[in-house]
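The values are calculated or read from the model by the stated rules, or taken from the named source; none is laboratory data. This is a predicted model, so every value here is computed, not measured. Quick reminder, even Gly has a Cβ in these numbers, built from the backbone with ideal geometry, and neighbours come from all protein chains shown. Heavy atoms of the whole protein, side chains included, go into the accessibility calculation; ligands, DNA and RNA do not. Shrake-Rupley method; radii C 1.70, N 1.55, O 1.52, S 1.80 Å.
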Amino acid sequence: GYTAKILNSFCDDVGATRAMNVVEMEKLHHTARTHLAPTSRRVMAALDPIKVTITNWDEAVKQQEAEGGMTFEVPNSPTDESLGSHTVTMTEVFYIDSSDFKLKDNPTYYGLAPNKAVGLKFHGGNLFCTDIVKQEGDKVVEIKCTLDKSEGRAKPKSFITWVPSDGLPAEVRVYSHLFTVPEPTDRWEEELNKNSEMIYPNAIVDPSVAEVCDKKHVDRWTSNAAVQFERFGYFVVDTDAAFDSASKSGALVFNRTVSLKEEVGKKELSDEEIKAIEERREKSKKDKEAKEARLQISPEDFFKLVPEHAGKYSKYKEDGKDKGLPTHLADGTELTKSAMKKLEKERQKHVKALMKASKK
């Protein structure tokens, strides 16, 4: 997938030198992305597909009728209209990638999970998981969902891609760094990346790729067609491909040239870390609610109702600008002038907070 233009551009950027020099791989990857982004057809793919069945299909179709039905026009490039467009048709069954579904939800995950909704790209509605079907070994093979495009629906935190039921089966090879360190040492065998090649033999890709991936266009000595699989990277048709677009038969094989952005390994969160995140979010939520409740308290009732003062005092000034200011503790002890002055300063801070909130 590294064309002559990519390699020549990379050499121009790096420059020539007589001294031995090591260049980061990311510089080559950046050059590849720069050249592939404006020229590669963008399509959806599921490398490790999970079947999705819509259980309220008839209702979903009726909701979509006003917007032209379940066939969507997808631009081949978001920036270059000259590359044209293609259509994808949603049916009662379609596929999503397994990376977009988890059996157990957590605060840092925005994909699909049981009893949770995500947005569907191009369709625009909410996909809500109601049930799952597993095989032996706890592998999820089917997700049963409802589609909701009604007005007033909750706004999803993310949108996921999908592949229609007439998607094409393909083998997809995902390549990444050969080593786990930037510069291998004498112990390079221990530094090999065991995941430098990941093969997905049962991938499903957008059927529109048939137009550019026919075996008659595949040649060992030229740069074969490149496509962008949304969210996964830039891929090129491999010479092992023997796909015939007329009969839609024969092997369809893609190799990843480069990811969409530099990949930084994501740490899988432990149950304790997830619990800590949930506790922080819950505390933040409660703090916000407490702050909003505090802003509903008038200056006159401040020392009677705020949690840190409630029940501490038995008497308050009853009129004038100092109305509501405590004069006696709960046990009847009269407050000193300095103590009352300190309390008045605290109340004035509350007054300023009320004024600031009213301006928003």
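Stretching SER284 away from LYS194 to a fully extended chain increases their span by 28.3 nm, per 0.36 nm per residue minus the current alpha-carbon distance. The residues LEU36, LEU295, sorted by heavy-atom accessible surface at 1.4 Å with ligands and nucleic acids left out, run LEU295, LEU36 from largest to smallest. Accessible area per residue for the chain, computed on protein heavy atoms with a 1.4 Å probe, is 63 Å².
Largest GNM mean-square fluctuation among LYS149, LYS102, LYS349, using the chain with Cα springs under 10 Å: LYS349.
Taking every full run of DSSP H in the chain, none both stretches at least 27 Å from end to end by Cα along its long axis and averages 0.0 or higher on the Kyte-Doolittle scale. Rounded to the nearest 20, the size of the Cβ-charge dipole of the chain about its Cα centre is 2320 debye, with Lys and Arg at +1 and Asp and Glu at -1.
When only C-alpha pairs under 8 Å and at least 6 residues apart count, what is the relative contact order of segment 1-156, in percent? Intermediate results must be reported in sequence, preceding the final value.
Numbers: 212 pairs, mean separation 32.8, N = 156.
Relative contact order, segment 1-156: 21 percent.
In terms of its alpha-carbon gyration tensor, segment 110-258 comes out oblate; a/c meets the 1.5 threshold, while b/c is at least as large as a/b.
State the antiparallel share, in %, of DSSP beta bridges confined to the chain, rounding to the nearest 5. Provide the component values of the computation, followed by the final result.
On the way: 46 of 59 bridges.
That works out to approximately 80 percent antiparallel.
Need one word for the chain: rounded, prolate or oblate. Basis is the Cα gyration tensor (sqrt eigenvalues a ≥ b ≥ c); a/c below 1.5 gives rounded, then a/b vs b/c decides. Verdict is prolate for the chain.
Normalising by the residue count of segment 77-130, find the relative contact order in percent from Cα pairs under 8 Å and 6+ residues apart.
Details: 44 pairs, mean separation 10.5, N = 54.
The value is 19 percent.
For LYS155, LYS317, write out the residues from largest to smallest accessible area, computed with a 1.4 angstrom probe and no ligands counted. Walk me through the numbers before you get to the answer.
Values: LYS155 185, LYS317 75 Å².
The ordering from most to least exposed comes out as LYS155, LYS317.
What order, most packed first, do the peptides 227-238, 79-90 have when packing is the mean number of other Cβ atoms within 10 Å of each residue? Numbers along the way, then the final one.
On the way: 227-238: 22.2, 79-90: 13.8.
Top to bottom by mean Cβ count within 10 Å: 227-238, 79-90.
From the Kirkwood radius over Cα pairs of segment 103-197, Stokes-Einstein at 20 °C and 1.002 mPa s returns a whole-number translational diffusion coefficient of 126 µm²/s. Using the Cα gyration tensor of segment 141-203, with a ≥ b ≥ c the square roots of its eigenvalues, what is the shape: rounded (a/c below 1.5), prolate (a/b larger than b/c) or oblate (neither)? Because a/c hits 1.5 or more and a/b exceeds b/c, segment 141-203 counts as prolate. For the options ILE50, ILE132, ILE297, a Gaussian network treatment of the chain with springs between C-alpha atoms closer than 10 Å singles out ILE297 as fluctuating the most.
Each peptide in 300-308, 37-45, 109-117 was scored by the mean count of other Cβ atoms within 10 Å over its residues; highest first, the order is 37-45, 109-117, 300-308.
As a length-normalised measure over Cα pairs under 8 Å and 6 or more apart, the relative contact order of the chain settles at 14 percent. Just going by the charge dipole of segment 229-360, with Lys and Arg at +1 and Asp and Glu at -1 on Cβ, which of ALA241, SER284, VAL253 is farthest out on the positive end? Going by the Cα projections, it comes out as SER284. Computed over the chain with a Gaussian network model linking Cα atoms closer than 10 Å, the most mobile of ASN126, ASN224, ASN193 is ASN193.
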